[in-house]
Amino acid sequence: MKREMKTYLQEAFEAPEPVKKKEFLQMVRTENVSTFDFVKAQIGYIRKRVWVVSVFIFMLVLASADYVGKESIWIVSALVPYIALCAIAEGTRSTAYGMSELEMSTRFSLKSVILARLTAIGCLHALLLGVMIPVAGGTAFLPVIRSGIYVILPYLLTTVLGLLAVRKLYDWESTYVCMGCAVMVSLLSVWTRGFLVWIYEEKYFIWWCALVVYLLVKVIKEYKKIIYQTEDVAWN
Amino acid sequence: MELVIDRLSKQYKNKIAVDRISLRLTPGVYGLLGANGAGKTTLMRMICGILKPTGGTVVLDKADVSTEEYRGKLGYLPQDFGYYPEFTGLDFLMYMASLKGLEKSYAKRKVKELMEVVGLTEQAKKKVKTYSGGMKQRLGVAQALLNDPELLVLDEPTAGLDPKERVRFRNLIGELGKKSIVLLSTHIVSDIEHIADKVLMMKDGQLIYQGEWTEENGDLEEFYLQQFGEEAGHE
């Protein structure tokens, strides 16, 4: 319709007041969202700092690969705890800020929220690590798998310690303890590289693999415990 | 529409918090009265699927409490709830709408409508951390109503509300009770007298009274104090 015609019609006739607007709107209410749409929406609620920190560290590593050369893999393993910290912070946000009870009572409950957030962040971290490890490992002339293990272990260690802190403290102060854990693991990476170089020899690689498997299982168990604990602590 | 609670129990190591409670609730307003530690909040949490019962079942129109279908029909206001610090009132409601599975455009309309209903339109774009206790409580009521729940569970909903807000709230609940099952717990006996169609009284995890409360029954507050007279004497 031409704009002028529309204006003339509006001037000539007064639109009647809507009757039973609420009932009509409820009738034409659109279908509820699907699980996929829910996950997409949850990505929007992940704090921007998570993406910024993760990408910043990624860019730092790529830049250092050129300047630092073969030591860049150890820089990655020292920085990776801070990426893990982002994942912990997002995964435990509901608990830290007292939103668990509300989120447990909704259609997409707390478990779905945590899973959606961690899936999104996990995919991002997997992508970043998937690029960082071969790039940095290549400069140190290490096989990709070995480089990956040296990087993933501090990531998992930070995650386990952080989740333990969240479970024991159960409030927003746990965020500071998680930061402390990340700093501690980062410094540990640097220290072992400087003073315990022998543990990076190939003959000890099997122990590294065993530790990674152990920590992976611990991470899954800790997340389950946090979700399980939420209902008991809520009552107490 | 019917909520069937069958021999619902919650036992901890050395305490039975809820002891084999059975109820059949149809649309209307049910007031849950009881002293501190009577088991009201535990019962409500089990009805909302937040706490796993030790025994018994909770079913709303054939949907078990553990199902997504049940939670889709539920609106819950906890006694105390937190918020993400960066959220405004509007963000908070839109976030809760996404968790309740509401489509975005519908959610926007519904949030706007509910902000008007609870009187928070002017504070919608302010951060929740700047809200007073009463404003936060009203925000909590709004989020509970987002999905037009068939079952509305409100734990101490009038806490922090001033008298004018309390009257407004009573009118709102009265309207909702015509179509939905509304279960509200409170220490404020006058709230029950004004709003509730039926009274449920809990003591030590058990239901000691359930039914309508009419003038023939006498003064509700007096009856309440008689039942909990021991605890009232210690205060």
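Whenever a residue of the stretch B:50-76 is facing chain A (nearest Cβ under 7 Å) and in contact (Cβ under 8 Å) with a residue 40 or more places away in the chain, its partners that are of a type outside the set (Gly, Ala, Ser) and open to solvent by 60 Å² or more (accessible area, probe 1.4 Å), lying with C-beta atoms within less than 7 angstrom and at least six residues away or across chains, give the pairs B:LEU51/A:TRP235. Residue under question is B:SER190, and the condition is that it be closer than 23 Å to B:LEU3 by Cα, out of contact with any Gly (no Cβ under 7 Å at 6 or more places or on another chain), away from every other protein chain (no Cβ under 12 Å) and of a type in the set (S, T, N, Q); does it hold? No; evaluated as a whole, the condition is false for this residue.
I'd like to know if the stretch A:41-59 contains one or more residues that are at pLDDT below 80 and more than 30 Å from B:ILE47 (Cβ to Cβ). Scanning the stretch A:41-59, I find no residue that is at pLDDT below 80 and more than 30 Å from B:ILE47 (Cβ to Cβ), so the answer is no. Look at the stretch B:19-33 and say how many of its residues are on the phi < 0 side of the Ramachandran plot and under 17 Å from the mean Cα position of the chain (by Cα). Within the stretch B:19-33, residues that are on the phi < 0 side of the Ramachandran plot and under 17 Å from the mean Cα position of the chain (by Cα) number 10.
For beta carbons closer than 6 Å, sequence separation of 6+ or different chains, a first residue in the stretch B:16-41 that is without any contact (Cβ under 8 Å) to a residue 12 or more places away in the chain and a second that is of a type in the set (Phe, Trp, Tyr) and surrounded by fewer than 18 Cβ atoms within 10 Å (Cβ to Cβ), there are no qualifying pairs.
One line per residue, one yes/no per condition, for (1) within 23 Å of B:TRP213 (Cβ to Cβ); (2) open to solvent by less than 10 Å² (accessible area, probe 1.4 Å); (3) not small (Gly, Ala, Ser):
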position	(1), (2), (3)
B:GLU2	yes, no, yes
B:VAL18	yes, yes, yes
B:GLY56	no, no, no
B:GLU69	no, no, yes
B:LYS108	no, no, yes
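Every residue in the stretch A:167-184 that is buried (at least 17 other Cβ atoms within 10 Å of the Cβ) and not in a helix (DSSP H, G or I), please. Result: A:TYR170, single match. Consider the stretch B:35-49 and keep the residues that are more than 9 Å from chain A (Cβ to nearest Cβ) and at negative phi. The one that is nearest to the chain's Cα centre (by Cα) is B:MET44. No other residue among A:ALA15, A:ALA63 is open to solvent by less than 70 Å² (accessible area, probe 1.4 Å), over 18 Å from the mean Cα position of the chain (by Cα), modelled with pLDDT under 80 and more than 14 Å from chain B (Cβ to nearest Cβ) apart from A:ALA63. Report whether or not B:GLU86 is touching a strand residue (DSSP E or B) at 6+ places or on another chain (Cβ under 8 Å) and either surrounded by fewer than 20 Cβ atoms within 10 Å (Cβ to Cβ) or more than 9 Å from chain A (Cβ to nearest Cβ) (or both). So B:GLU86 fits the description; yes. Quickly run through the stretch A:48-60 and pick out the residues that are within 14 Å of chain B (Cβ to nearest Cβ) and open to solvent by 40 Å² or more (accessible area, probe 1.4 Å). Those that are within 14 Å of chain B (Cβ to nearest Cβ) and open to solvent by 40 Å² or more (accessible area, probe 1.4 Å): A:LYS48, A:ARG49. Scan B:LYS62, B:LYS73, B:LYS100 and give me the residue that is buried (at least 22 other Cβ atoms within 10 Å of the Cβ) and modelled with pLDDT under 95. Being buried (at least 22 other Cβ atoms within 10 Å of the Cβ) and modelled with pLDDT under 95 holds for just one of B:LYS62, B:LYS73, B:LYS100, which is B:LYS100.
The values are calculated or read from the model by the stated rules, or taken from the named source; none is laboratory data. All values derive from a computational prediction rather than experimental measurement. Every residue, glycine among them, receives a Cβ derived from its backbone with ideal geometry; neighbour counts consider all protein chains shown. With ligands, DNA and RNA removed, areas are computed over all heavy atoms of the protein, side chains included. Shrake-Rupley method; radii C 1.70, N 1.55, O 1.52, S 1.80 Å.
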